């Protein structure tokens, strides 16, 4: 115990500048946009500690302070905040970094640099790219459930473990992978809910036009960044294909048609999944493979029929397999044809296992990748049908 | 300047003369004539209202005059009346002179063997010891015409009974505790260890108080050098008074300036007996229930006697808890200050928000705040110990205000600091042996943390550990059995193995560490002899 504490003290005894907690402004989220003049528009979401205390006593004040400043560089923009801030912005607890679509299209590396260089940044902050809205708008979105909106968004990202609809990327992952040659980044996307039902708001409590709420936002899908620049987006299903392949699926739901009743669906929950990407070079021909082994249980059945008979289980398994395979295929198609960017990170295999080949093709890796055949192997096992076997249906003479 | 030196020199000369004089007095034999004895005694005990001098005659021996001297209040008067004075006086009526009986020609032997029905009798030939014996509660019978007096063990003053000590309370284990009377204490020990090898060596210290000191150890079990060193150190003590064993402790400590104590004390016979059985020595001091044991190693602070009475699993768990408590009570405030003022990035985000919001509006820096609350607690604790019982309630009410919600509402302290102070306070009670050390370490770490954050804490730890490793207690390294490592001794440190699996006595107390002391000692002597 002495030893553990001792070594911890060694490791953690970093900087020795004394700044009291009450003299810093805790930044929870950072957003980047471009102004019309081409400057960087930096938006910080900062906690007002006093207000959080007041809220617990019934105040309705906004617990966070969102303020934007501009500057030619990120650093100037941060320093320009000091013209209005009474405290020093403190970046060690940044939960969320949001990059505006426009900035992303121009390139993310210029933004990353300062945060990578600075000792005070939380490198495990979640990274998101906006689609259709600015980062500033995202940061201004309010939350009804959490005091701090950034934490709400972060929790949504955590929920994604049960959804498999977004590729989670931390700031650290991004800065690490952006340097790898031939690698493309896949980063989660935040966008406005398009088909938002306006009737959802009850009665006279009309929302302000300018003010978004987090429930108006949708966090799903993936942005593809090739060579530091935003190339395009994947939809949630393609995203699922991607994260199946790169083994980041924790859980998720796959809907397939009920073979016994037309128009009805059966939902399967993914319980376990392991994805593997492989590559093989034979006679200077690159062959890529994606292997997914997944298993799960039947979670929800619409329509009648006993799907637990051996034949039906086989049938359902093949249907699930087909869905997964299609997801992956879609993602691969996007990668190869639409964006020509290797966000699956096949480059890792080629670089690691076939270095000689990589030396030959490294200058036009994207092209080689795009033309390589991709074999997709999917295995699915249904482990159980949960607590019941047959779906409970009202008794009829016909159905038995 | 020169004059001053001269004066000091003269003072030293005078002191030596005085010492010689005292030595002569100690050598002084008893005068033969009883009248001379009487005048001497009355001179020595002049203005001592508790001094009693009783003169009787022994009818059988030509009406030999006897003087019985004792101090009122220190003796059992019943005993003197019944078994000393009465036999002497009654002897004349029931037994006439037996001239032919040569055995009883000597009055002293006659008294000893025929008259006094008291178990504890011995001869005294010198004046100084005789006076001392009177002072310790014995009765001395001076006989006319003899240079020998008789000491009769008659002490019997009011004593406190054997009670359960307040300082070391146990759930399971003996409830008895030492008392203020040395003899009772040695009896309590003897009752635990019924073995003639358990030695009680007496010594009288303190020029004015003449306090009885008793060195206890088991011969053959303790390393001889420990006893020798202990005796040498005790003999060197020159002081006026020994009122409590704490006086002795300061005189014979290895590191008098260290914040760590290298001599342990206990109020419980079973604890002391256990330590003696491990090969340690104990020093009992008349007038206090606190018995010193030495050598004292650091690990003993984490061990309680009860560990050996309960199941080994639980004992092991409790020892780890104590270690945890040691870490918390010494370093928690320091870690709090360092985390909040230096390393905000280490605190989990939500915890940080909580701390930030409660620190909002506090006018002090976190260090000042922590120190303020820490000092407030120490004041309260001290007040709690010293105050007369009836005021207790007032103190506890005010204390709850000062160290509680009121302080938070007044905007003087934040909630986390109150929590930190409270946890620190609770854990500090878990380790009573280190009670005098931990507050100092805590403040030291706190200041270090405020200057340099975790780095400062680390440096402070290193300084403290180095200091602990340099300490020795009667030659035994303080950090034994860890540094130096005695593998076999680890059985009774952070893990308490079952009693049946403790095959060996502590090696760390048996090994000859004394090479180094003795070598140093010898070297000094060699130099001296060369000079001669």
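Which numbered condition in (1) crowded, with 23+ Cβ neighbours inside 10 Å; (2) within 12 Å of chain A (Cβ to nearest Cβ); (3) under 16 Å from residue B:434 (Cα atoms) is the only one that residue B:340 fails?
Only one criterion is unmet by residue B:340, namely (3).
So, in region B:176-206, exactly how many residues are out of contact with any helix residue (DSSP H, G or I) (no Cβ under 8 Å at 6 or more places or on another chain) and either outside any loop (DSSP other than H, G, I, E, B) or free of Cβ contacts under 8 Å to residues at least 12 places away in the same chain (or both)?
Qualifying residue count, region B:176-206: 10.
Mind checking whether some residue in region A:87-104 is more than 14 Å from chain B (Cβ to nearest Cβ), under 20 Å from residue A:21 (Cα atoms), touching a helix residue (DSSP H, G or I) at 6+ places or on another chain (Cβ under 8 Å) and at pLDDT 85 or above?
No; the residues of region A:87-104 include none that is more than 14 Å from chain B (Cβ to nearest Cβ), under 20 Å from residue A:21 (Cα atoms), touching a helix residue (DSSP H, G or I) at 6+ places or on another chain (Cβ under 8 Å) and at pLDDT 85 or above.
Against the definition (surrounded by 17 or more Cβ atoms within 10 Å (Cβ to Cβ) and closer than 22 Å to residue B:342 by Cα), how does residue B:459 come out, yes or no?
No.
I'd like the residue in region B:467-484 that is part of a helix (DSSP H, G or I) and within 13 Å of another protein chain (Cβ to nearest Cβ) and, out of all such residues, is farthest from residue B:263 (Cα to Cα).
Step by step, filter region B:467-484, then rank; the result is B:469.
Given the criteria within 12 Å of chain A (Cβ to nearest Cβ) and in contact (Cβ under 8 Å) with a residue 60 or more places away in the chain, does residue B:356 qualify?
For residue B:356, the condition - within 12 Å of chain A (Cβ to nearest Cβ) and in contact (Cβ under 8 Å) with a residue 60 or more places away in the chain - is not met.
Restricting to helices (runs of 4 or more DSSP H) lying wholly in region A:59-133: which have 2 or more residues that are without any contact (Cβ under 8 Å) to a residue 60 or more places away in the chain?
Here the list reads A:74-81, A:109-117.
Only one of B:449, B:413, B:422 is at pLDDT 90 or above and within 14 Å of chain A (Cβ to nearest Cβ). Can you tell me which?
Within the list B:449, B:413, B:422, the selection yields B:449.
Using the structure shown, decide if residue A:333 is farther than 23 Å from residue A:382 by Cβ and free of Cβ contacts under 8 Å to residues at least 12 places away in the same chain.
The answer is yes for residue A:333.
What are the pairs, 6+ residues apart or on separate chains, where a residue within region B:1-15 that is at pLDDT 80 or above has its Cβ under 8 Å from a residue that is surrounded by 10 or more Cβ atoms within 10 Å (Cβ to Cβ)?
Every condition considered, no pair remains.
Does residue A:19 meet the test of being at pLDDT 85 or above and either more than 7 Å from chain B (Cβ to nearest Cβ) or closer than 30 Å to residue A:128 by Cβ (or both)?
Spelling it out, it is not the case that residue A:19 is at pLDDT 85 or above and either more than 7 Å from chain B (Cβ to nearest Cβ) or closer than 30 Å to residue A:128 by Cβ (or both).
The values are calculated or read from the model by the stated rules, or taken from the named source; none is laboratory data. Fair warning: this is a prediction, and the values are worked out from it, not measured in the lab. All Cβ positions, even for glycine, are placed from backbone atoms using ideal geometry, and neighbour counts span all protein chains on display.
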